[in-house]
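A short reminder: the numbers here are calculations on the coordinates, not readings from a lab. The shown structure was predicted, so the numbers you read here are calculated from the model rather than taken from an experiment. Cβ coordinates were reconstructed from backbone atoms using ideal geometry, including for glycine residues, and neighbour counts include every protein chain displayed.
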Ligand SMILES: *Cc1c(COP(=O)(O)O)cnc(C)c1O
C-alpha cells in the first residue's frame, strides 16, 4: 500500500497535468482531502505532508475529530462540510466549518444565516446541484438553482461562492464528463448574472477519486478526494 505522502504527490501531479491539458493554471485548483471515517492520526499525517484542506460528511464525527486534534493543527486546517445537513445542525456546522458545500434549500441557508447573526461572521457556502436529477440525491434541481441563488442572496451573513455537485456514479469517468461540463456552464452563467456574492470566478466543487482529472479538465476549482489519498474506507 502507498503512503499518504506518495498518494498526495501523485494526485497533485495528476491535477497539474489535467489543468495544463485544459490550459488552466494548476494553482486555481484546490484539493479537498475527504477524511470521513479516517482517524485523526491519518489527518495529522496528511497535514505533515502539507495538506491543510479537509472535507467531512458528518457533523458529530467532524466535531469530535477537530476537538481531538492538537491546537496548532486546529489553527492551520480549513474544513469543508460536504455531507447532507439538517437545518437543526446549522449552528454546529457554522461553528466548525469554514465552507458549507451542500446548501440546497432556502430553509437551510436561513438557519445558517441566523446562527451567525449574533457574531456577525461571514460563512462561505456553495449551492449543491442535483446535476443528474437523481431522486435519491440531495441538491437543488438545475432549473431551480438560479431562483435559489437569488433567494439566498438575502442571507447577509452568507457568502455564496459557487456550485457543488455529485454526478451519477459511473465506472468510466468519461460518462461523467457531460455533467461536469454542465455544472461549469451553469456556474459561469450565474456568475455572469451576478448571482454569486463575490465578483470573479466562482468556486466549482466536482470530482472525486475516480474522476477528478476529468473534473479538472472541465473546470473544477475544488476536487474532493478521499479513497485515493487515505485508501478504502
Ligand atoms: C466521500 C465523498 C467524497 C470522496 O469520495 P472518494 O471516492 O473516496 O474520493 C467526495 N465527495 C463527497 C460528497 C463524498 O461524500
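Quick rundown of the values:
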| read-out | value |
| --- | --- |
| Rounded, prolate or oblate (a/c below 1.5 giving rounded, otherwise prolate when a/b exceeds b/c) for region 189-231 by Cα gyration tensor | prolate |
| Contact order normalised by residue count of region 50-197, Cα under 8 Å, 6+ apart, percent | 18 percent |
| Efficiency of FRET between residue 37 and residue 86 - r from beta-carbon atoms, R0 25 angstrom, step 0.05 | 0.80 |
| Estimated D of region 108-191 in µm² per second, where Rh is the Kirkwood radius over Cα pairs and Stokes-Einstein applies at 10 °C, 1.306 mPa s | 114 µm²/s |
| Å³ per residue enclosed by the Cα convex hull of region 1-106 | 121 Å³ |
| Relative exposure of 193, 206, judged by other C-beta atoms within 10 Å (fewest first) | 193, 206 |
| Semi-axes of the equivalent ellipsoid for region 71-129, Cα gyration tensor, largest first, Å | 19, 14, 9 |
| Fewest-first sequence of 12, 80 by Cβ atoms within 10 Å of each Cβ | 12, 80 |
| Residue order, fewest to most surrounding Cβ atoms within 10 angstrom, among 127, 77, 92 | 92, 77, 127 |
| Per-selection Kirkwood Rh - the chain (Cα, Å, 1 d.p.) | 17.9 Å |
| Alpha-carbon centroids, region 114-168 and region 67-91: separation in whole Å | 18 Å |
